[in-house]
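S.K.: Once you've had a glance at the structure underneath, I'll fire off some questions.
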Amino acid sequence: MEKKLEPMKLSDQLTWNRKELAEVTGRSKEIIDQWIYEGAPCCREGHTYVFERTSMIAWLRERAINRIGMTRKNVYDDVFPGIELA
């Protein structure tokens, strides 16, 4: 008798495809395509891109730290009230 494998959660997978990465990050496939263009760590297997989980998380974390492509609006400093931060 064959043992049926249960589906694995996306958070437990070692690699994601474009659709799965979009689901995990809450972004559209168009944004994922933009990330690929901007140098996201991935490899191409046939007609699809494959993203290694830890590399992609590290790349996104670095982007967030550098604030590449992100803007913060209406953020004020507690030390200098009334001064909007860039």
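The values are calculated or read from the model by the stated rules, or taken from the named source; none is laboratory data. All figures in this text were calculated on a predicted structure; none of them were measured in a lab. Counting neighbours? That spans all protein chains shown, and the Cβs are built from the backbone with ideal geometry, glycine included. Just so you know, the surface numbers come from the protein's heavy atoms only, side chains and all, with ligands and any DNA or RNA stripped out. Shrake-Rupley method; radii C 1.70, N 1.55, O 1.52, S 1.80 Å.
S.K.: If you go through the stretch 6-17 one residue at a time, do you hit one that is in a loop (DSSP other than H, G, I, E, B), surrounded by 12 or more Cβ atoms within 10 Å (Cβ to Cβ) and either of a type in the set (Val, Ile, Thr) or modelled with pLDDT under 85 (or both)?
M.R.: Yes, because at least one residue in the stretch 6-17 is in a loop (DSSP other than H, G, I, E, B), surrounded by 12 or more Cβ atoms within 10 Å (Cβ to Cβ) and either of a type in the set (Val, Ile, Thr) or modelled with pLDDT under 85 (or both).
S.K.: Output the number of residues of the stretch 29-55 satisfying the condition of being within 12 Å of the chain's Cα centre (by Cα) and either among the aliphatic types (A, V, I, L, M) or surrounded by 13 or more Cβ atoms within 10 Å (Cβ to Cβ) (or both).
M.R.: Result for the stretch 29-55: 13.
S.K.: Looking at this structure, is Gly26 open to solvent by less than 100 Å² (accessible area, probe 1.4 Å), out of contact with any helix residue (DSSP H, G or I) (no Cβ under 6 Å at 6 or more places or on another chain), modelled with pLDDT under 85 and not basic (Lys, Arg)?
M.R.: So Gly26 fails the test.
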